[in-house]
Structure formats: structure tokens, C-alpha cells
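What follows is one structure encoded as C-alpha cells, with my remarks underneath.
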Amino acid sequence: MEQILFRHNRPGRCVTFDEYRSEGGFAALEQALTGMAPGDVQQVVIDSGLRGRGGAGFPTGKKWSFVPREIPGRYLICNGDEMEPGTYKDRVLLEANPYSLVEGMTLAAYALGVNHAFIFIRRGYEQAAANLRRAIAEATEAGLLGDTILGSGFSLKLEVHQSAGRYICGEETALMNALEGRRANPRAKPPFPAVKGLWGRPTVVNNVETLANIPAIIAQGAEWFKGMGRIPEAAGTKLFCVSGHVRKPICIELPLGTPLGEIIDEHCGGMNQGSTFKACIPGGASTPFFTADHWQVPMDFDTVAKAGSRLGTGGIVVFNQHTCMVAATLNLISFYARESCGWCTPCREGLPYVEWLLAEIEAGRGSEEFISILQDHQKRLNYAFCPLAPGAMGPVEGLLKHFMDEVREHILLRRCPLGNHTCQS
């Protein structure tokens, strides 16, 4: 299978600047700066069908088109604050090859008329950050970054910013607050970042994987990229990180539209010995569960949404037949309750209450009333200030939709049927 993002990877080490260039690296940038107008670059990205790989799946070129070109001082931010449980694709990508991101950001900045860009990367990704700083220095020395790149008159300053942490920093407006040195709370929308973002200027925020696709799209063309998908509505490849009860946990690049079962069986070696597939998180910790009924679902944005979940980041966490789905959901909700920034009441108060309800059910102290309260909170947390709380309720939605019998079994037996928890009252 033809690779885009992992094309330059070397076993066990990071590709070098010279190796990347010898394999066509930065050729797309040279092509754009010497023969394409900024609007031409944007149009190729629009035509390619590239959608954001950070979770939302919004069309990338369309997002760029919202930026008013008459306002000076525009910014581009790469969101590398990868803190979704089960998701580690950006780390794998940057530890193997930081150059595609550097080139992709330079192309995006050229298309947007941006002269100052930032890579916002989570604390703990030390090797990835070091690789990026080295790549920026090498590209600058080679005349591929900095002032009048390749003599074109276009200039770009690219900086790496390591976050102090917290999941909320992955929300684009909270990220901008953090980058400005303020508390990482989300901002009200509107105004949207494309109009009023970083330091009040028009700003585009794209994910690491999204931007790393740009060089190949410019070099090979929109139709080539669209043809990479396995189904007509899919465009390009996707990095899937698979963990859990599989023989071979892996981060792998596959065409969008690859069926879920094929990813697990063929690329992960199937389930662990003695295990059978019970469920999975298909797109990171904030997505509703899939079950064996979804084994043949093509893993693409629209097809996964039609099946009742979200492709999200492509972080697939697999559960076997011995997994208590109440406990699994409780584990996820505990993470989100802890990571709430506390800015709004639904998230600050609602998530700890949902956590308590699930903990009581798991311990055998729940009642039938708890189910209706969870269903009510599933709706009401959609009114939170930002997407954190609605996303956090994704696993709860999947639990109540696919594993209601298991929830009720906890309540009727007054214990976890798959564990040792019992009600002592």
C-alpha cells in the first residue's frame, strides 16, 4: 500500500534532513513558491477532500477559506496537544519524521498569507519537540524557512511551544489562551478564530496529521489524494492507533475506508489468545462504542457517523469478552471529570456526578433511577460551553445504547457480574 505520512520512515530512528530531501522532501514547497499563487495552493487542498485529522473532520481547505485576507497579522497554529486517551499518532509521526509537518506548515502559511506560525505540542513529547526544533533549524539553514524562502519574497517564522499540560488545551480557543500565557479556558464563539483568534488576529488551527498531508497533496495533486481512499466518499489515508486486547498494538497508516475488522484482524494480528471481540472505542476516548455489529464498517468520517459514532482521531481501543463496559466507561468519565477546566457548570458539576453514578452502579449500589438520570445528563451536557463535556458523554451514550442489559445486570445483582465488586449495604 502506498504511504503518505509514513513514506519516509526508517526502522527504529528518525529520518534525517538529507534523507527526506533526497526522497522528494520540500519539492512541493519549491513547486508552490515558484509556480503557484497562494489561492492555487488553497484550491488544491479544497479539491483534495482533505478533512481535519484532529477529531472534528472539518474540510481543511474550507476552513482556510474563512480567513479574511484583508486583515494583516494572521497566524497559523499546529495543534499537537495530543491528550485523548488511546491516541498517540502525532507522537509516532513526529518521532519518525518532523519534516513533513514543517513543510506542510510552510505551504499552509503561504496559502494563508501567514508569516508567523506556532507548533503547540503537549508536555511530555520531549523527543518530538526536539525533532521539530532540529528540523526547523535545518530548514532555516537551507533557506526553506525564514526570510524570503527560496528567494520568493515569502517569509515564515516557525516556533515550537511546549504546553504546560491539560486536555482542555487541545480545544482550539483554550489552546490560544494558553499560547498567550493565560488560563486555558475556552472562548466564546463567535467570533471564530478565523476572524479573531490569537492576540485578536485571524488564526487557523490545524492538527499535526492534517498539515503533514499537505506536501504530498501539492506534489501529487488532488485527484491522486482522493484516489487513496477505499470507498468513494473517502480521501487519503489515516493514521490508526490500535491498543487494548489485540495481539499487536500498532500505529499504522491505512486508506480511509478500511473496514474496522480488517484493521484488527489483518494489521493487529487479531484478538489476544483466548479473547473474542466485545466492543471498541473507534475514534479516541470521546467516541461512542462500536460492537461486533460494526465489524464491517468502513473507517471513514461519514460512514462511522452513520453507524452511530465518530472517526475522531482514529484511536481504536479494543475490549474483549471479559471487559465490564460499565467499568470501562467509568474509567473514561473519570479522566474527563478530572480534565474539566471548570469554566462552565454543566461540565464542572455534571461530569463528576456522572462519574459518581457510574461508580455506584459498578459497586452494586445503583438503582433503575440512575439510568434515567444518565440519559438525562447525556442530553443536558450538550449545553456545556465547549465540546469537552459532550465528547466525554460519548462512551456513556454507547454504554446505554449497546450495553443496557449489562448496566441493569449490575443493578439487579447488586454487584459487577464480571468482577468482584459487591454492595455491602
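The values are calculated or read from the model by the stated rules, or taken from the named source; none is laboratory data. If you're wondering where the values come from, they're calculated on a predicted model, not measured in any experiment. Surface areas here come from the heavy atoms of the whole protein model, side chains and all, with no ligands, DNA or RNA. Shrake-Rupley method; radii C 1.70, N 1.55, O 1.52, S 1.80 Å.
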**Study point:** Karplus-derived 3J(HN,Hα), 6.51/-1.76/1.60, for each residue of the stretch 248-265, Hz, glycine and proline x
**Key:** 9, x, 7, 10, 9, 9, 9, x, 4, x, 5, x, 4, x, 5, 4, 6, 6
Exercise for review: Relative to the compact-globule scaling 2.2 N^0.38 Å, provide the ratio for the alpha-carbon radius of gyration of the chain.
Suggested key: 1.01
Point to revise | Accessible area, probe 1.4 Å, largest first, for residues LYS278, LYS379, LYS196 | key: LYS379, LYS196, LYS278
Check your understanding: How many percent of the alpha carbon pairs in the stretch 327-425 exceed a separation of 16 Å?
Key -> 51
Revision key, fill the gap. Excluding residues fewer than 8 positions from LYS401 in its own chain, the lysines with Cα under 28 Å of it are LYS238, LYS278, LYS306, LYS379
Point to revise | Helix-only mean residue ellipticity at 222 nm for the chain, each DSSP H run of n ≥ 4 adding -39500 (n - 2.57), per residue, nearest 500 | key: -11500 deg cm²/dmol
Exercise for review: State log₁₀ I(q)/I(0) for the stretch 142-297 at q = 0.14 Å⁻¹ as given by the Debye formula over alpha-carbon point scatterers of equal weight, solvent excluded.
Suggested key: -1.01
Review point. Could you give the Stokes-Einstein D for the stretch 88-188 in µm² per second, using the C-alpha Kirkwood radius, 20 °C, 1.002 mPa s?
Key: 149
Revision key, fill the gap. In whole Å, largest first, the alpha carbons of the stretch 294-351 cover along the principal axes 39, 30, 16
Exercise for review: Take every DSSP beta bridge with both residues inside the chain and express the antiparallel ones as a percent of the total, to the nearest 5.
Suggested key: 45
Study note, to complete from the structure: Over all viewing directions the Cα convex hull of the stretch 1-159 casts an average projected area in nm² of 9.9
Study note, to complete from the structure: Normalised Cα Rg of the stretch 227-381, dividing by 2.2 N^0.38 Å with N its residue count, works out at 1.14
